[in-house]
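Read through the structure below, which is laid out as structure tokens, and then see the notes.
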Amino acid sequence: MKIEDDNNNHALTRRIAPGLGIVMIAIISIGLMIVDDAGEKLSPVRDVLSVMAQPIEMAAEWPGQTLTTLDRYFDRGALLRENERLRQNNLLLQGRLQRLAALEAENERIRALLASASVLDQNVLIARIMSVSPDPYRQYVKLNKGSTDGVFVGQALIDAHGIMGQVTDVTPLGSRAILISDPNNGVPVEINRTGLQTIAQGTGHAETLTLPFLPNNADVEVGDLLVSSGLGGRYPADYPVAKITSVRHRPGGEFLDVDAAPTAELERGREALLIWSTPEPAEDIASSEETSSPDDGSAEENDDAEADRP
Amino acid sequence: MIVGARISALMMIATLAAALVLTLIPVPPVVASARPAFYTMTVLFWIANQPYRFGLLAAWVAGLMIDIVYGTPLAEHGLAMAVAAYGMIKIREWLWGLPLIQQTILLAPVLLVYEFVLFWIDGVAGLNVDPWYRWLPVVSSALLWPAWAYLLERIARVEIRRSR
């Protein structure tokens, strides 16, 4: 053991006693956390630091991507099979699309008869999922599309099978979206079979959502499909969210224990769609954005406040 | 352990960046919840190894980087890292005299403090996470410490030789 003193280069913290230093840092940290949690004030700091972190995140992505690329390169058979499967899938979808065009037009006409606004104009942007949460206690994904592509906070994210989540942070070159399975996230849903409205809450596990607010006499069965109800103005209406996997009646409890499995491939997909939906009554949504802006950071749905809104 | 020899800031940043990459590489969820805290271990190593050049403030800034990449409230991991660093400063003089294997035993409580601060902040913020997972990285990190510290020491030694 050998201690070499380096007299001309004492760090700042050596001159302050560590005990005092830790107290100061604790106070500054708690202040920062409160300010950061409260709103957007620190986002310039975050932007600068996240640009610095970008190369590191890219480096972390690199091994996985290389493996996939190599895999594709060497396994021609798999590539051909995939191509074949996609071709068939495409044909199938094209077929359905023909019907959809007619249905859409019909729907539009009927809506016009009912004198209600049209909701069917939706733009999408394909985003690559750069990484899933390295923190096992939070469920989110990082996307390679940011504010330069027009991504905004609160934007809904879907994949081929259903709703995935919503965007919570946007930097110029990327964004972060909280998944519906995050314990902090709730999706207003309705049971497709009965139209019963409720909220699907994340649990922290990618395979499970829970529906905590269904009374004992609710009409719900295993296998029921949950679709987004569009209440709250964050998630567009009528996208599949989850399928009920278990319904338990807890003796003495006021609510059912209902679990559901998300239909979207939350931790397996590589691509996702960001959607721009033209919301129904425009100014209504704008006001809901305002009311929910204080907790944008935590991306919590203002469930109670907004679900009651007509 | 050769303590206090002059290691360039660049070298410390490079090792921290490498550790951060290891923390971020996507792995299956089961592995992720037990993943050793490479980054925390690296910060703690430099705290012990570079008492004059890597202090509380550096540890705090290093922790802020985690907040950025995880997207947690700014300074959550910063605070946890600074508290762990404080613990390390308190025990590092004992640590210097011990072989790497025995350092593990002293280090485990420091890592536990780091996780506890995070656990506590999450609790205050109303985030309920499965507490059981919280403690797995403590075990895996403590077990990995001798190997990781040995590697960093080798890197430090090469750097010292190069600068002479």
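The values are calculated or read from the model by the stated rules, or taken from the named source; none is laboratory data. Since this is a predicted model, take the numbers as computed values, not measurements. We place every Cβ from the backbone using ideal geometry, glycine too, and count neighbours over all the protein chains shown. Only protein heavy atoms, including side chains, enter the accessible area calculation; ligands, DNA and RNA are left aside. Shrake-Rupley method; radii C 1.70, N 1.55, O 1.52, S 1.80 Å.
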* Asked: Looking at the stretch A:57-91, which of its residues are among the small types (Gly, Ala, Ser) and either within 14 Å of chain B (Cβ to nearest Cβ) or within 23 Å of B:Thr23 (Cβ to Cβ) (or both)?
  -> A:Ala59, A:Ala60, A:Gly64
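Which residue out of B:Val69, B:Val61, B:Val110 is open to solvent by less than 20 Å² (accessible area, probe 1.4 Å) and farther than 20 Å from B:Leu144 by Cα? Outline the logic, then answer.
Numbers: B:Val61 fails: open to solvent by less than 20 Å² (accessible area, probe 1.4 Å); B:Val110 fails: farther than 20 Å from B:Leu144 by Cα.
The match here is B:Val69.
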* Residue among A:Ser293, A:Ser246 that is modelled with pLDDT under 50 and among the polar types (S, T, N, Q) -> A:Ser293
* Structure fact -> Per the filter on the stretch A:57-81, residues closer than 17 Å to A:Gly174 by Cβ and either at pLDDT below 80 or not hydrophobic (A, V, I, L, M, F, W, C) (or both) are A:Glu57, A:Glu61, A:Gly64, A:Gln65
* Test: A:Gly195 is more than 18 Å from the chain's Cα centre (by Cα), surrounded by fewer than 21 Cβ atoms within 10 Å (Cβ to Cβ) and assigned to a loop (DSSP other than H, G, I, E, B) -> yes
* To do: Filter the stretch B:29-47 down to residues that are surrounded by fewer than 23 Cβ atoms within 10 Å (Cβ to Cβ) and in contact with an Asp or Glu (Cβ under 9 Å, 6 or more places away or on another chain) and give me whichever is farthest from A:Met58 (Cα to Cα).
  => B:Ser33
* Structure fact -> A:Glu207: passes all of (1) modelled with pLDDT of 90 or more; (2) within 14 Å of chain B (Cβ to nearest Cβ); (3) surrounded by fewer than 16 Cβ atoms within 10 Å (Cβ to Cβ) but (1)
